[in-house]
Structures are given as structure tokens and as C-alpha cells.
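Here the structure comes first, spelled out in C-alpha cells, and everything after it is commentary.
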Amino acid sequence: HKAIRRQRQMCIRDSIYENAVAQELYAHGFELYYFNSKKQGELDFVIEYEGYPLPIEVKSGKNYMRHPALNNVMQNKSYEIKQAIVLCNENIEMKDQIFYCPIYLAGLLKKRTIPEDYIYSPDFSILQ
């Protein structure tokens with residue numbers, strides 16, 4: 001009974017964490033995408049960040065560094081993924097191109113926007 005109860009609690013906690021992250025990302029203007037491939041696995045979220053796809057995994061347990069789907073996607077050069085984020089219960093750590101950080105930092109991801117009063121004026125002087 002204890003093992004089943006522990007597994008159920010972990011599933012509930014995972015769902016709560018993923019929903020909290022989805023809410024934070026959506027509130028900051030990100031379009032949320034989900035990735036699922038039979039060959040590579042599934043990713044919790046993929047957002048566009050600074051013009052590139054940014055995979056985000058949400059981990060509530062102690063095995064937060066175990067993410068085979070994320071590893072598979074990161075190794076696929078055709079996706080042009082520069083980095084990834086794993087939101088977890090641990091402290092900040094950078095390993096290879098994966099940024100591990102506490103889940104509460106999800107709210108600090110901000111979408112860059114161009115100010116409405118931004119006027120772009122090209123310099124064509126080189127063409128003369």
C-alpha cells in the first residue's frame with residue numbers, strides 16, 4: 001500500500017508542478033507547446049525564447065537529472081536547441097547546456113517584446 005500511495009502522491013505533485021509552470025509561462029505571454037515522439041520521448045513544454053526553441057522539463061522528485069527525452073532532443077542538431085531548462089526542487093546548477101533551477105524561478109522567464117514606440121530606420125549609406 002505504501003508504494004502505491006507514494007507513487008500516487010508523486011503523480012499528483014508532478015501534475016501540480018506542471019500546471020503551475022504552465023500558468024506562469026502563459027501569464028508571461030509564451031505560447032506553450034508539448035513535444036512527443038515515439039523515438040525521442042516527451043517533453044513537458046517547448047517555448048520559443050529569443051528566437052530558438054527552449055525545452056522545459058518539470059521534475060518534482062530526486063531523479064531530476066534523469067531526463068532521457070530531453071537528452072535525445074538536445075542531441076538532435078536539426079532542432080537547433082542551444083539550451084534547456086529543468087525546473088526542480090534543487091538549487092541552481094548548469095550542466096552542459098541544461099540549466100537546473102528551482103521551480104519557483106519559472107516566473108522569472110520573461111518574453112522579450114519590442115516596444116511599441118520602437119522605430120527602425122535602416123542605414124543604406126553603404127549602397128551609395
Q | Farthest toward positive dipole pole in segment 16-122 [+1 Lys/Arg, -1 Asp/Glu at C-beta], among Ala69, Ile47, Ile103 | A | Ala69
Q: Just check segment 4-90 against the gyration tensor rule for me: Cα atoms, a ≥ b ≥ c as the square roots of the eigenvalues, rounded for a/c under 1.5, and otherwise prolate or oblate depending on whether a/b exceeds b/c.
A: oblate
Q: Could you pull out the GluC sites (Glu not before Pro) across segment 48-128 that fall in loop regions by DSSP (anything but H, G, I, E, B) with no more than 13 other Cβ atoms inside 10 Å?
A: Glu50, Glu80, Glu116
Q.
Under the 0.36 nm per residue contour assumption, what length would be gained going from the current alpha-carbon distance of Leu127 and Leu105 to full extension?
A. 3.2 nm
Q: Roll a 1.4 Å probe over the protein heavy atoms and report the accessible area of Ile126 in Å², nearest 10.
A: 150
Q.
Counting only pairs 8 or more residues apart or on different chains, how many lysine pairs in segment 8-128 have their Cα atoms under 22 Å apart?
A. 13
Q: Compute the signed sum of charges (Lys and Arg +1, Asp and Glu -1) over the other residues within less than 12 Å, Cβ to Cβ, of Glu57.
A: -2
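In the chain, once you exclude exposed chymotrypsin sites (Phe, Trp or Tyr not before Pro) (DSSP loop, at most 10 other Cβ within 10 angstrom), what's the longest stretch remaining?
Numbers: sites that count: Tyr118, Tyr120, Phe124.
Counting at most 10 other Cβ atoms within 10 Å as exposed, the longest clean stretch of the chain is 1-117.
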Q: For Glu48 paired with Gln75, estimate the spin-label separation in nm (one decimal), with each label point 7 Å from Cα along the Cα-to-Cβ line.
A: 2.9
Q) Each residue of segment 68-82 in turn: what ³J(HN,Hα) in whole Hz from Karplus with 6.51, -1.76, 1.60 and θ = phi - 60°, glycine and Pro shown as x? A) x, 5, 5, 4, 4, 5, 5, 7, 7, 5, 5, 7, 6, 8, 7
Q | trypsin sites (Lys or Arg not before Pro) within segment 1-79: DSSP coil, no more than 12 neighbouring Cβ in 10 Å | A | Lys38, Lys39, Lys62, Arg66
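Per residue, how much accessible surface does the chain expose to a 1.4 Å probe? Answer in Å², no decimals.
Numbers: 9800 Å² over 128 residues.
So the chain comes to 77 Å² accessible per residue, rounded to a whole number.
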Q.
At 222 nm, what value in deg cm²/dmol follows for the chain if DSSP H runs of at least 4 each add -39500 (n - 2.57) and the sum is divided by all its residues, to the nearest 500?
A. -9000 deg cm²/dmol
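Dipole size in debye (nearest 20) for segment 11-128 around its Cα centre, Lys and Arg Cβ +1, Asp and Glu Cβ -1? Before the final figure, lay out the partial values.
Values: 12 positive and 16 negative charges, 107 e Å.
It works out to roughly 520 debye.
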(Q) Report for the chain the percent antiparallel among DSSP-assigned beta bridges with both residues inside it, nearest 5. (A) 60
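The values are calculated or read from the model by the stated rules, or taken from the named source; none is laboratory data. Since this is a predicted model, take the numbers as computed values, not measurements. Positions of Cβ are backbone-derived with ideal geometry, glycine not excepted, and every protein chain shown enters the neighbour counts. Note: accessible area is taken over every heavy atom of the protein model, side chains too, but ligands, DNA and RNA are not part of it. Shrake-Rupley method; radii C 1.70, N 1.55, O 1.52, S 1.80 Å.
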